[in-house]
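Notes follow once the structure below has been shown.
The values are calculated or read from the model by the stated rules, or taken from the named source; none is laboratory data. All figures in this text were calculated on a predicted structure; none of them were measured in a lab. Here the Cβ positions follow ideal geometry from the backbone for every residue, glycine too, while neighbour counts run over all protein chains shown.
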Amino acid sequence: MSRPDRTSTATPRFALDETVTHRLHTLHKLTDRVSQIAYLEDAGMSLSEGRCLSAVGAFTPLSVNDLAHRANLNKGQASRAAQSLVTQGLVNKEASTTDGRGVVLTLTRKGAVVWRRVVAVVERRNAEIVACLSTEECAQLDSLLNRLVAHARVALGDGSDEENTTERQ
């Protein structure tokens, strides 16, 4: 009795590690691991707190929803990080004048000092990440990333970056 040949039904190789989405996610995870260390060592805070502080400083004033969007975090992460920054005296949290349930986040004086350290971490990390690229390749990568982000936003119907929704929570 002969056995059936199972090699003909073998699943073709799927190169997951060669897909754009997989490589982008891998790059994201690897750079976040190094960035987490840099934020802790240079600014004394977690990556989430550093992202939130950098967003509050760059886009002030912000609601918690806006903060989540600008810091690329979910609302829960942004809310917890914002409260931690408030507790540390780095961010003011005040009631919104236009939304009875909303809050507005701004930097304190102390927060502005720490924000400058965080900006230095962001700038250094960006330089480290692209250090293996030439000036021309950096410009090309920047252009390509802008196109990919715009394309993804169109696919989602997300034009939220174009509008300022500061007072929404």
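Any chance region 134-142 includes a residue that's of a type in the set (S, T, N, Q), modelled with pLDDT of 95 or more, part of a loop (DSSP other than H, G, I, E, B) and over 21 Å from residue 49 (Cα atoms)? Yes: region 134-142 contains one or more residues that are of a type in the set (S, T, N, Q), modelled with pLDDT of 95 or more, part of a loop (DSSP other than H, G, I, E, B) and over 21 Å from residue 49 (Cα atoms).
The residues of region 78-123 that are of a type in the set (Lys, Arg), in contact (Cβ under 8 Å) with a residue 12 or more places away in the chain and closer than 14 Å to residue 51 by Cα, listed by number, are 80, 117. Just one of the listed residues (55, 15, 38, 10) is of a type in the set (Gly, Ala, Ser) and at pLDDT below 90, and it is 10. Only helices (runs of 4 or more DSSP H) whose full extent lies in region 1-112 are considered here, and the ones with at least 2 residues that are of a type in the set (Val, Ile, Thr) and closer than 30 Å to residue 145 by Cα are 20-43.
None of 149, 130, 103 is surrounded by 11 or more Cβ atoms within 10 Å (Cβ to Cβ), at pLDDT 95 or above and of a type in the set (A, V, I, L, M) except 130.
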